[in-house]
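Written below as structure tokens is the structure these notes are about.
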Amino acid sequence: MNHIIPPFPLNPRRALVCALLLSSPFAIAETAIPAKTDTVKQMPEMTVIDKSAPAAATNKEKYQLPATTESVTAKQIDSTINAMNAEDTIKYLPSITVRKRYIGDTNAPVAWRTSGTGLSARGLIYADGIQLASLLGNNNGNTGSPRWNMVSPNEIERVDVMYGPFSAMYSGNSIGGVVEMTTKMPEKFEAGVDIKTTWQTYSIYGKDKTYDSQEYAFNLGDKVKDFSWRMDISHLDSHSQPIVYVNPISAGRATAADTPVIGAVSNLNPFGVKAQVLGESALNHTVQDNFKWKVGYDITPTIKASYTLGLWLNDNKAGFNSFLRNARTGAVVDSGNVNIGGQRYAANFAETRAEQMHWSHGMNIKSNTGGIFDWDLSGSVVEYGNDMSRTSTQTPARAAGNGAGRLTSLEGTGWQTADAKGIWRPSALGQHEVSFGFHHDLNNLDNPVYTVANNWAYANTGVLDQNSQGKTQTEAYWAQDAWDFHKDWKLTLGGRLENWHAFDGYNATTIGAVRNATTGVLTNTGRLVEINQADRNDLHFSPKFKLGWKPMERVQIGASIAQAYRFPTVTELFQTTTTTTGAVTTITNGNPNLKPEDALSSELATEYFLDKGKLRLSLFQERVNNAIYSQPGFTPTGAIISSPQNVGQTQTYGIEFSGDASDVGIDGLDLSGNATWADSRITENSSSDLGAAALSNAANLAALRSGVLPANPYAGAPSVGARQPRVPEWRASATVAYRPTDKWTNSVSMRYSSKQFSQLNNTDTNGGTYQGNTAFFVVDLRTKYQLTKQFAVAAGIDNVNNAEYWIFHPFPMRTYFAELKFNY
């Protein structure tokens, strides 16, 4: 037997999983079907995957969903996008911003026309019906960010983005929009290998370094009679630029016990307060493996069944780089209080680690007769089989000895969905298409936090320090009638009734604990205080309306209005925990009394169809009552305190233009572009502003009396009239692609965003620093050449203009990209 040595190291757990998965029955499905003995065995016919059979109708097409939609196909992705992760595929679509900080980022939420990246629960994301959007949270952290990494770019057939909550099929979590990814299934035998590598040249604060990443993807599939299958395997090994900077303000005058240091970089924090950059942190080395199996069976020519099994593994280590050197000895200083110019600063550096193993299952059976009635049954499960984050609570020198630490677990957390949908096309009633359905979802949070006296890097449990548990559940009934009452007019009416529950809410925390300041070991574990939260129930109906008019052959006009309710997520209600990533501690406090968000959205869209393209102009508006924000606050040490709260009302008005055209002027020249202007404001929050002002003034006065500058002296400033956080005034993107020959494609793409804010009152005016936000303009290049029918090569540069920009975190600078692809 020949043994294959993988080009990357495998730990025992990962090696065992790989062996089991590669030996699965799907990998040998073709051999399980007996061959006829009286025929000569033929070699499979070669095929290029891009030429596979057309994909099935999307949900928008099948159910005539009344939403503005933009799409990108596998061919466009391959030709114009340097796609290392699935979320890269949508980054040039209108009004979309993906907060992807590095290759393999597990915290990459989407910003929409009217919602920022901190409001992840306002967008739905699916892959083949499996919900990748994490509705456990409404944040850009581990509980709120989509599970993009469970899909490889190589398996994507197309991506469709629907804007706004105008379809009754989707919950109020579609206030921003819906992303639907459709992945490939073979029509005949196919195999492929895709090898990608990148290297980023990064330089901030005078520190120059190169960070590299590699990705290896493999796919294999076939269709034999009525049975089809496909297996996708990908491996990613990625190194990120610093995601965090240790950037504290002064904690008062230094004492003789504080270590005098050199090497710090003086700057201002986001609120204009003098601070010191002490070093880099959250230097992520992430190793991810993604395994995906899909099987399909044509029960009859019009009834098809499918099953998808996915497994995602992640091992992450986040290191640091202190800028500080002992002023007397020159030794590296990475812990304790330090003396810089007579002022005390806390040098808090820490290594963190994470291990994750997430499973996904999706099942679907549906009919597609095109006759009087069709139906669709589907279900999905995403389970956190293992999810452990580890932080040392000692100095870095002691952490190397694997001593005391803190473990944060999400094992057992996850969600499940079930949907039953139908379409009725009653010919006796004229041009009606009535669609309807039932939806169920359950989101479960299980989030214990342990302290350990030793073995922080490998222990799986310890002394319980905190715990957050709870569930949310929704049952929904929806219906929609698309009525072509005139050859040029269509009326779409719909409604969604949602019954929401929050239950089993539980919080526990330790009080009175004492920790040894030198060793980090708990000398008194204190006592655990437990609270069982009250159950919650809510019932709301959301009406939907759209009137479409086609005044001439090339013009289509649509006016839409819809209401949507976005219910609080389980973490917004019940999660109370303290976590550390890199050197930054985040203290999260749940709020079990949150009200649901109540959105009223409208859009007037005009589309003009070209011979080879389309132009669209949309006017949009959104009013949200009781908008939920997890507003970050900051301590002098740089810790982030986050607590969700209802904001009285936000209002957004905007204009969005989008267009694309092929063979413009000359054959092979393709243009696409979009621009969005939005005026998004907080219009009611007076009662909260008064309370925040009182708390802020008291805190600032206490800080000043102790000789410490407040981290944000303007925290009590009013929020009414301020811009909605993370929604910039201007966004734009464009791509120019040229095909000199059928084998060669070149493209130039750009992305632009004006400045945005993170604070409700917009007091974070200094953008060019950690936790700040800047405007950005980024240019990306790509060229691809098809060497033979099977082999293709590509190269590119993202951020070729080497822009330094910040969206709370520093984003990648100039990154080179190379790819070799083989399809059989």
*Is it true that residue 123 is open to solvent by less than 10 Å² (accessible area, probe 1.4 Å), small (Gly, Ala, Ser) and within 30 Å of residue 212 (Cα to Cα)?*
no
*When residues of segment 522-563 are filtered for being of a type in the set (Asp, Glu) and open to solvent by less than 70 Å² (accessible area, probe 1.4 Å), how many remain?*
1
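For segment 102-111, what are the residues that are surrounded by fewer than 24 Cβ atoms within 10 Å (Cβ to Cβ) and of a type outside the set (Asp, Glu)?
106, 107, 108, listed by residue number.
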*Would you be able to say whether some residue in segment 392-400 is over 28 Å from residue 131 (Cβ atoms), in contact (Cβ under 8 Å) with a residue 24 or more places away in the chain and touching a helix residue (DSSP H, G or I) at 6+ places or on another chain (Cβ under 9 Å)?*
yes
*Working carefully through the options 261, 273, find the one that is touching a residue at least 40 places away in the same chain (Cβ under 8 Å), surrounded by fewer than 21 Cβ atoms within 10 Å (Cβ to Cβ) and touching a Leu at 6+ places or on another chain (Cβ under 7 Å).*
273
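Quick grid of which residues meet (1) among the acidic types (Asp, Glu); (2) surrounded by 17 or more Cβ atoms within 10 Å (Cβ to Cβ):
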residue	(1), (2)
397	no, no
416	no, yes
420	no, no
432	no, no
438	no, no
441	yes, yes
458	no, no
465	yes, yes
468	no, yes
_Residue that is surrounded by the most Cβ atoms within 10 Å (Cβ to Cβ) [pool: residues in segment 142-153 that are assigned to a loop (DSSP other than H, G, I, E, B) and over 9 Å from the mean Cα position of the chain (by Cα)]_ = 151
*Within segment 790-812, identify whether any single residue is outside any strand (DSSP E or B), surrounded by fewer than 16 Cβ atoms within 10 Å (Cβ to Cβ) and among the hydroxyl-bearing types (Ser, Thr, Tyr), and answer yes or no.*
no
*Could you run through segment 745-774 and say how many residues are open to solvent by 20 Å² or more (accessible area, probe 1.4 Å) and among the aromatic types (Phe, Trp, Tyr)?*
2
*Determine, yes or no, whether residue 481 is open to solvent by 10 Å² or more (accessible area, probe 1.4 Å), among the acidic types (Asp, Glu) and in contact with a His (Cβ under 9 Å, 6 or more places away or on another chain).*
yes
_Residues located in segment 594-623, provided they are open to solvent by 60 Å² or more (accessible area, probe 1.4 Å) and among the aromatic types (Phe, Trp, Tyr)_ = 608, 609
*In segment 114-124, which residue that is assigned to a loop (DSSP other than H, G, I, E, B) and touching a strand residue (DSSP E or B) at 6+ places or on another chain (Cβ under 6 Å) is modelled with the lowest pLDDT?*
117
*Those residues that are assigned to a loop (DSSP other than H, G, I, E, B), of a type in the set (A, V, I, L, M, F, W, C) and either within 27 Å of the chain's Cα centre (by Cα) or surrounded by 15 or more Cβ atoms within 10 Å (Cβ to Cβ) (or both), I need them from segment 282-336; list them, please.*
323, 324, 327, 333
*Test residue 418 against the criterion of being modelled with pLDDT under 95 and either in a strand (DSSP E or B) or over 30 Å from residue 569 (Cα atoms) (or both), and give yes or no.*
no
*Pairs where the first residue, in segment 754-765, is farther than 17 Å from residue 651 by Cα and the second is β-branched (Val, Ile, Thr), C-beta under 8 Å, 6+ apart*: 755/774
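Listed here are the residues, each with its yes/no results for (1) under 30 Å from residue 766 (Cβ atoms); (2) open to solvent by 30 Å² or more (accessible area, probe 1.4 Å); (3) under 22 Å from the mean Cα position of the chain (by Cα).
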position	(1), (2), (3)
165	no, no, yes
174	no, no, yes
204	yes, no, no
219	no, no, no
242	yes, no, yes
*Only one of these is in a strand (DSSP E or B) and closer than 25 Å to residue 154 by Cα: 208, 222. Name it.*
222
*Can you tell me which residue within segment 668-685, out of those that are touching a Lys or Arg at 6+ places or on another chain (Cβ under 9 Å) and either modelled with pLDDT under 95 or among the small types (Gly, Ala, Ser) (or both), is farthest from residue 92 (Cα to Cα)?*
680
*So which residues in segment 229-258 are closer than 26 Å to residue 815 by Cα and without any contact (Cβ under 8 Å) to a residue 24 or more places away in the chain, if there are any at all?*
none
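Quick grid of which residues meet (1) on the phi > 0 side of the Ramachandran plot; (2) part of a strand (DSSP E or B); (3) touching a residue at least 60 places away in the same chain (Cβ under 8 Å); (4) buried (at least 21 other Cβ atoms within 10 Å of the Cβ):
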site: 338; (1), (2), (3), (4): no, yes, yes, yes
site: 344; (1), (2), (3), (4): no, yes, yes, no
site: 358; (1), (2), (3), (4): no, yes, yes, yes
site: 362; (1), (2), (3), (4): no, yes, yes, yes
site: 375; (1), (2), (3), (4): no, yes, no, no
site: 381; (1), (2), (3), (4): no, yes, no, no
*Of all the residues that make up segment 65-113, how many are assigned to a loop (DSSP other than H, G, I, E, B), farther than 21 Å from residue 658 by Cα and not charged (D, E, K, R)?*
11
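The values are calculated or read from the model by the stated rules, or taken from the named source; none is laboratory data. Every value quoted in this text rests on a predicted model; they were computed, and no experiment measured them. Note that each Cβ is placed from the backbone with ideal geometry, even for glycine, and that neighbours are counted across all protein chains shown. Ligands, DNA and RNA are stripped out before the accessible areas are found, and what is left, the full protein with its side chains, is counted by its heavy atoms. Shrake-Rupley method; radii C 1.70, N 1.55, O 1.52, S 1.80 Å.
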